[in-house]
Amino acid sequence: APVFATPAVCPVLGLAVYATVGGSVAALDLGTGEPRWTTLGSRAVFSSPALWPMNAEERVAAGPSGPSIPGGGCAGCSIGAPDRLVVVGAHDGRVTCRDARTGRRRWATFVGEAVGEAVGEGAAGV
């Protein structure tokens, strides 16, 4: 399926993550270009994936307890650990968070409207 958005690059893990109009999200090895993981999807994605944390400065800016998350926590992940998360918004209004190392889904939620730009603080109502 076509890719309409810029991949997100994680130098720490050595991968580039992209999403397709067909709804798949995939990671490529930066050194070889070989696929690391791919998820199958059915929801069109026109936005670039977002990575958290992208670098050490962002982790410091978030503070020792991590970002402020409604409900007080991140289901399925440990903010204190050096997790790298990939967040992708889909055209059907669903935002999904995946483990950047494995592609395993951490959570998904419906935000009510199509997400058509990079997901991040203040973007697309998130």
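Can you tell me which residue is modelled with the lowest pLDDT among those in region 9-27 that are open to solvent by 10 Å² or more (accessible area, probe 1.4 Å) and farther than 21 Å from D92 by Cα?
Among residues in region 9-27 that are open to solvent by 10 Å² or more (accessible area, probe 1.4 Å) and farther than 21 Å from D92 by Cα, the one modelled with the lowest pLDDT is V12.
Taking region 86-126 on its own, how many of its residues are at pLDDT 75 or above and within 20 Å of A16 (Cα to Cα)?
Counting residues in region 86-126 that are at pLDDT 75 or above and within 20 Å of A16 (Cα to Cα) gives 17.
The values are calculated or read from the model by the stated rules, or taken from the named source; none is laboratory data. Just so we're clear, the structure is a prediction, and the values are computed from it rather than from any experiment. The area values use the complete protein model at the heavy-atom level, side chains included, leaving out ligands, DNA and RNA. Shrake-Rupley method; radii C 1.70, N 1.55, O 1.52, S 1.80 Å.
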